[in-house]
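Here the structure comes first, spelled out in structure tokens, and everything after it is commentary.
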Amino acid sequence: MSTNFKTYRPYVSPFDPCKPILEKAYSTPPNLYMGFQPPNLPQFTPMEALRAGTLWKPLFDTWYGPLEPGGKGGLPQ
């Protein structure tokens with residue numbers, strides 16, 4: 001099963017004056033995991049689609065990082 005959040009471990013220099021970030025996360029869009037767009041996908045209402053940025057519910061991505069407030073997802077307010 002694929003997830004929308006991936007993590008990686010960046011290089012940490014011994015000469016970096018800042019505290020190292022040992023693990024970083026990023027979000028991948030849901031359309032990467034669909035080989036094609038099947039017919040009859042469920043749709044948002046027009047107002048919800050404008051807030052969500054997409055018409056189709058399976059292609060909606062929360063755009064929040066795992067450490068940001070609101071990281072649980074849902075439609076943007």
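The values are calculated or read from the model by the stated rules, or taken from the named source; none is laboratory data. What you see is a predicted model; the values in this text were computed from it and never measured. Here the Cβ is made from the backbone with ideal geometry for all residues, glycine too, and neighbour counts use every protein chain on show.
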Query raised in the report: What tally of residues in region 8-42 results from selecting those that are in contact with a strand residue (DSSP E or B) (Cβ under 9 Å, 6 or more places away or on another chain), under 30 Å from residue 55 (Cα atoms) and part of a loop (DSSP other than H, G, I, E, B)?
Result: 4
Requested in this report: Identify, from the list 23, 68, 48, the residue that is of a type in the set (Asp, Glu) and modelled with pLDDT under 85.
Outcome: 68
Query raised in the report: If a residue has to be assigned to a loop (DSSP other than H, G, I, E, B) and loosely packed, with under 14 Cβ neighbours inside 10 Å to count, how many in region 43-57 make the cut?
Result: 2
